[in-house]
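Taken together, the values in this text are just the output of simple stated rules run on the coordinates, not laboratory data. Since the structure is predicted, the reported quantities are computational estimates derived from the model, not experimental observations. Here the Cβ positions follow ideal geometry from the backbone for every residue, glycine too, while neighbour counts run over all protein chains shown.
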Amino acid sequence: MVAVQTLGVVSCLGGPMHYCGFAAEMLRDLFNESLNKLTPFVVRQAPYERNQQLTVRPEPVVGLNQRLFKVQKQNRLQLQWQLLYPESQGSKEDKLANLNKAISQFTEGRTKENQRFLVIGGDHSCAMGTWAGVLNAMQQSDKFGLIWLDAHMDAHTFTTSPSGNVHGMPVAALLGKADGKLAALYPSSRVVNVANLILIGIRNYEQEEYGLLKQAGVKIVFANQMNGIGSALIKAIDFLSQKCQTIGISIDLDVIDPTDAPGVETPVCGGIKAKELLAALSLIHRHPKVCGLEISEFTPEHDVNNLTLYLMKALIEAFYGEPERSPVSSKPNKFLGSISSGIKGKAVPSRYSCAKSKTVRSTE
Ligand SMILES: [Mn+2]
């Protein structure tokens, strides 16, 4: 049994949504197989908005979900949960600042102990805490690399953001490009080296964020320029591995196409296929330099047939789960397909090798 220290951030304070904070609790129950048999969907009450109630139509678990579930049954993985709730008092900014600080303390502790971790948002503003904590733990913070899988650039500041939602700003804060109001929410004096940040899957952004990233020289792999997520992810890890000791992976579920992951706040068409991302995470399975994963933006009120909830579980198990054993592993997996048959029909290595070294194509 593999155990992974997991922090659930029960908060939507960084976005306009009300229920994305449920992600961690729902996922925990799904892993415990106690999500009310997954049908009907659980009706929950937000702990931070006690007079509101979420009602989701009961829907049967069908199709893709069932196939995913069978895949995961073969994985033996135990998530050791801690749930983090925002304070009930204070301004939104104070709550976010304290939340990010608490998140950073969790990831700093795990990183110092050489324990891999998982952070489940919440909205994507949790990334400020998650990766600030890793930076705080490192002796040389310029040896930290971050792979950011997202449909969006998340590189606004309060000065440029049309909405003022903090979940559109964590990349700016992590790069040290925050304005004063945003910097106050970021729990570190250390920032990610611009050369060590790679954004993948981008297909929706405002000019101000593009300008910020372009000026900084951040590598961006746009969705329409990718030759498969497997290849993009491996190239990114190879590139970062050359100079980084520690690599983090932050997944905004909206990087996936909404047909496969409808349960997100801001879906954008033209995303990567769920099964390609699952295959890609299997290829880099527990890569020695990857210190942790972060998954954010699950929005249950937009989910269809629990598809995104199940997918979130599958993503975690693709990276952290016990690999299937033969003779099971020799058969093509119904959902993932055969890894050796390739991603998008192209040949990919049956197992990722750290020895390779390639550069990632940088786009402007
Ligand atoms: Mn995001």
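See the values below:
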read-out: In the stretch 114-126, residue nearest to the ligand (Cβ to nearest atom) [restricted to those that are part of a loop (DSSP other than H, G, I, E, B) and touching a helix residue (DSSP H, G or I) at 6+ places or on another chain (Cβ under 9 Å)]; value: H124
read-out: Residues within the stretch 183-198 that are closer than 15 Å to I103 by Cα and not small (G, A, S), tallied; value: 3
read-out: Single residue of the stretch 239-265 satisfying the filter (within 13 Å of the ligand (Cβ to nearest atom) and charged (D, E, K, R)) that is nearest to the chain's Cα centre (by Cα); value: D252
read-out: Subset of the stretch 127-154 (residues that are assigned to a helix (DSSP H, G or I) and within 10 Å of the ligand (Cβ to nearest atom)); value: A127
read-out: Qualifying positions in the stretch 259-279 - surrounded by fewer than 24 Cβ atoms within 10 Å (Cβ to Cβ) and in contact with a His (Cβ under 9 Å, 6 or more places away or on another chain); value: P262, E265, T266, P267, V268
read-out: All positions within the stretch 162-209 that are more than 16 Å from the ligand (Cβ to nearest atom), β-branched (V, I, T) and outside any loop (DSSP other than H, G, I, E, B); value: V194
read-out: Total residues in the stretch 102-129, condition within 11 Å of G248 (Cβ to Cβ) and over 11 Å from the mean Cα position of the chain (by Cα); value: 4
